[in-house]
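Some notes on the structure that comes next.
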Amino acid sequence: WSIKIHNGSNEALAQYKINITSIAPLLEKLAISSDVYWVLQDPVYEDMLSESRKMITNEKINAYNEAAVRILNSSSRNSKAKVKVFSVSKLIAQETIMKSADGLHLPESSRDTNAMILMNVYCNKIMKPIDGSCCQPQPPLTLIQKIAFCFFILSVIGYLIISLIHRNNYRKNKSCTDLESGEEKKPAISTPNVSTLEMLLHCFCKLGLIMTYFYLCDRANLFMKENKFYTHSSFFIPIAYILVLGVFYTENTKETKVLNREQTDEWKGWMQLVILIYHISGASTFLPVYMHIRVLVAAYLFQTGYGHFSYFWIKGDFGVYRVCQVLFRLNFLVVVLCIVMDRPYQFYYFVPLVTVWFMIIYATLAIWPQIVQKKANGNCLWHFGLLLKLICLLTCIYFLSYSQGAFEKIFSFWPLSKCFELNGNVYEWWFRWKLDRYVVFHGMLFAFIYLALQKRQMISEGKGDPLFSNRVSNVLLFISIVSFLTYSIWASSCKNKTECNELHPSVSVVQILAFILIRNIPGYVRSVYSSFFAWFGKISLELFICQYHIWLAADTKGILVLIPGYPMFNVLVSTFIFVCVAHEISQITNDLAQIVVPKDNSTLLKRLLCIAGFFSGLHFFSAMQDQSRH
């Protein structure tokens, strides 16, 4: 209007500058306690302007905008009370002005986009949505995060000092000079001894570098994130590709027992790869795929029931060492991520799930009377005693699954509430637990039946031999294939996720058992495995957890973008780094487990007291942090 009324005169521009200068202090005063935005004047489409508006040119508009920006952002003014320039409106107008009806007024779409961005600017820093980083300031480091980073830095310094001292001592002792001949004698084999402390610090150094990468990827807003868009090809083509690779790397197994170590690693490996593809492709929006993935998650828990029951039943080892080893290997990475990434324990829901189920299996078998295979072989009545224990377990599961109030009361007591609450309640934990509530019991029952049949030599596990007689094997194989396909047809015809989730806990075992029988009844199938899938199976837990921050990013809501503009190359690079990191973390966890969890009971007790002190300190700092926030 100023340009039009004064016909674009320079005097009007000079007066405009005077007016801006006079109101700038008032705007800056407002900016001390509020966000003040100066919206730039939008450009015009000069070719469409009417004769009465021809004096309004983009050159004149730019002159007015430059004057406002220069005066409002003057360096002589208070730096803490800056008026922000909402320059994005000008960029939007440049894209949409050609759709204007008169060359002056912008279309409605530009106003909607401006409003959306302005709301993002204001709301995102308050609501902090995890599925986006637009206009969201980087979250400040918490006290616990600062302590963690200081710990990792001190570990690096300590490791470098100890390593230099050891290397210097090694070099001094390496060469011994023969005083008579003057020749250098070389020891046959001489390697520097690595102390426990040095190994411990070395592990923490590597872990510190890895956690720094985690933080940069998913907390520092350094890398972009992009949304997931599901298409059938984005899910099924990678599945076909890894299937071909898996079949290509086929080898003979060391043993031909049902669910032997190579086979279970293979099973975990291909399931984990399918789950990863499911997550990165956003296939959860396609219900048939979702239902089949639910079976894969249930199969992991089935293996938990099968594996731990088999160990306790055969070994009869209910010692503290075994429990601590399992708990450490399951939870170490998640505890570190909770500290570094400032996330609650329940956020990584699968680890709490397998941890609780492990403790339930342990409690079921360890409480009096302790019934193990050696004892049961002497008297068959002990088998009925164990079945009675399993029936009691099933009854408790059934009761808790239909009593949400009782379940929430149990896990709302301190300190359990600290572990299982998410967003102030335990509903998410209740939902996750209920979804696969029976499958661990099914795994325990299957292990019991299989081991009983094996002990009585009712199954044949020789190389190339069918599991049962030819007739029985053929009948069971036919039933298994029909059951497997029937479940897939039912899952593919699901229309309502809630209704299908209600049926899932009871019927998922059908496809799991069908797969086990198909994989193990034919002797030639049982005698081979895919080393490709087995390799991934050995690091499946680390892959599942690491994907949250360094592959998917935005806490699994988006996809990490390391190389913008090249989506396929970006996925290849980020996947390579992701797999390498998961493998390295697996090695670190195994090394630390040997150091932190010793076999000697007295030493182990001291370590447990130290760990209890560590978590007490963690709780204390967390409480301090919560108080400072409030």
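The values are calculated or read from the model by the stated rules, or taken from the named source; none is laboratory data. What you are looking at is a predicted structure, and each value in this text was computed from that prediction instead of being measured. Methodologically, a virtual Cβ is constructed for each residue, glycine included, from the backbone with ideal geometry; neighbour enumeration extends over all protein chains shown. Only protein heavy atoms, including side chains, enter the accessible area calculation; ligands, DNA and RNA are left aside. Shrake-Rupley method; radii C 1.70, N 1.55, O 1.52, S 1.80 Å.
Here the alpha carbons of the stretch 1-72 define both size measures, Rg and Dmax, at 14.0, 45 Å. Applying 1/(1 + (r/R0)^6) with R0 = 45 Å to the Cβ-Cβ distance of Val244 and Thr212 gives a FRET efficiency near 0.80.
Pairs from the table (Lys434/Lys463; Lys206/Lys599; Lys4/Lys125; Lys4/Lys82; Lys90/Lys146; Lys257/Lys599) lying more than 32 angstrom apart at Cα are Lys434/Lys463; Lys4/Lys125; Lys90/Lys146. Relative to the first principal axis of the alpha-carbon coordinates of the chain, what is the inclination of helix 232-248, with its axis defined by its Cα atoms, in degrees from 0 to 90 and to the nearest 10? Taking Cα atoms only, the helix is inclined about 40 degrees. Return the whole-Å distance between the Cα centroid of the stretch 147-166 and the Cα centroid of the stretch 302-355. For the stretch 147-166 versus the stretch 302-355, the Cα centre distance is 29 Å.
Computed from backbone phi, the HN-Hα couplings of the stretch 605-615 come to 4, 4, 5, 5, 5, 5, 5, 4, x, 4, 5 Hz, rounded to whole numbers (Karplus: 6.51 cos²θ - 1.76 cosθ + 1.60, θ = phi - 60°; Gly and Pro given as x). Each peptide in 159-167, 57-65 gets a packing score, the mean of other Cβ atoms within 10 Å over its residues, and the list from highest to lowest is 57-65, 159-167. In the chain, the inverse of the mean reciprocal separation of distinct Cα atoms equals 29.9 Å; this is its Kirkwood hydrodynamic radius. Each peptide in 294-306, 350-362 was scored by the mean count of other Cβ atoms within 10 Å over its residues; highest first, the order is 294-306, 350-362. Take each peptide in 528-537, 505-514, count the other Cβ atoms within 10 Å of every residue, and average; sorted highest first, the result is 528-537, 505-514. The Stokes-Einstein estimate for the stretch 1-146, based on a Kirkwood radius over Cα pairs and taken at 20 °C with 1.002 mPa s viscosity, is a diffusion coefficient of 122 µm²/s. Sorted largest first, the spans of the alpha carbon positions of the stretch 229-296 along the three principal axes are 43, 23, 15 Å. Surface analysis of the stretch 402-508 yields an accessible area of 57 Å² per residue, using protein heavy atoms and a 1.4 Å probe.
Under a model in which nothing but the beta-carbon of Lys, Arg (+1) and Asp, Glu (-1) is charged, the stretch 272-390 shows a dipole of about 300 debye around its Cα centre. Remark: the Leu91-Asn252 segment gains 51.7 nm on full extension, using 0.36 nm per residue and subtracting the alpha carbon distance. Residue-wise HN-Hα couplings along the stretch 364-373, as the Karplus relation 6.51 cos²θ - 1.76 cosθ + 1.60 with θ = phi - 60° gives them from phi, are 4, 8, 8, 5, 5, x, 6, 10, 10, 4 Hz; Gly and Pro carry x. Note: relative contact order over the chain, using C-alpha pairs below 8 Å and six or more positions apart, is 18 percent.
Please report the antiparallel percentage of the DSSP beta bridges confined to the chain, to the nearest 5. Given both bridge residues lie in the chain, the antiparallel proportion sits at roughly 75 percent.
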